[in-house]
1. Residue 104 to residue 48: extension gain in nm, 0.36 nm per residue of separation minus the Cα-Cα distance?
2. Along Cα→Cβ, 7 Å out, is where each label goes; now give me the distance between the ones at residue 131 and residue 58 in nm to one decimal.
3. Could you check how many percent of all C-alpha pairs in segment 1-74 are farther apart than 22 Å?
4. List the lysines whose Cα lies under 30 Å from the Cα of residue 90, skipping any in the same chain that are fewer than 8 positions away.
5. Evaluate the distance, in nm, between pseudo-label points positioned 7 Å from the Cα of residue 13 and of residue 93 along their respective Cα→Cβ axes.
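The numbers here are math on the coordinates, done by the rules we state, and not lab data. What you see is a predicted model, and the numbers here were worked out from it, not measured in a lab. Glycine gets a Cβ as well: all are built from the backbone with ideal geometry, and neighbour counts include every protein chain shown.
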Amino acid sequence: MALLRQELHQQREHDFQKVRQSWEAESLKAVGLAYEEGLREAETARKREVQALREEEEVRSGERLKYTLSMAAAEEQRRAEQEKEVLGQKHAEELRILEEKVTALQEQLNKVAQEKVDFECKFKELQLNYRRFIDLTDSSLHSDYLLRLIHLGKPPGYVHSAAQTDDVINTSC
């Protein structure tokens, strides 16, 4: 009996060792699987976080880019408006100077045209006086120089129309 007990005890000890080894093996296997599952979940969670951070950074980057582009466009618009204003001022100044020149030239032209009309009136008066002189005097008193002018096609009292260079016609002479 003692032998049986000892054999039973050894049998139980052996079964206990087997169960313990089996339990340890299953426990190690379960821990290994749980560890691998935890690693996979951690890796998946890390990937999700990285993806979320990446998307968030892309959104922020896009917003910064839009802000920067809008600021650059506003700056370019402001600079273009400023250049346009400066150019407009330059053009206005040039236009004012040219208008002053045109006004001065117009005044000179009017002055020259008036002088020409005055000279033509005086010349007509001189021609008229010469015609009277010719009509009232004897031909022996006439100057050869004045007679040559008559023969050159410039009869006294008339203005040669080809010599007139302006559109101003003054009939008050």
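1. Working: separation 56, 0.36 × 56 = 20.16 nm, distance 8.23 nm.
That works out to 11.9 nm of additional length.
2. Taking the simple label geometry, residue 131 and residue 58 are separated by 10.3 nm.
3. Values: 1723 of 2701 pairs.
The calculated P(r) of segment 1-74 puts 64 percent of pairs beyond 22 Å.
4. By straight Cα distance, residue 90 reaches 101.
5. 11.6
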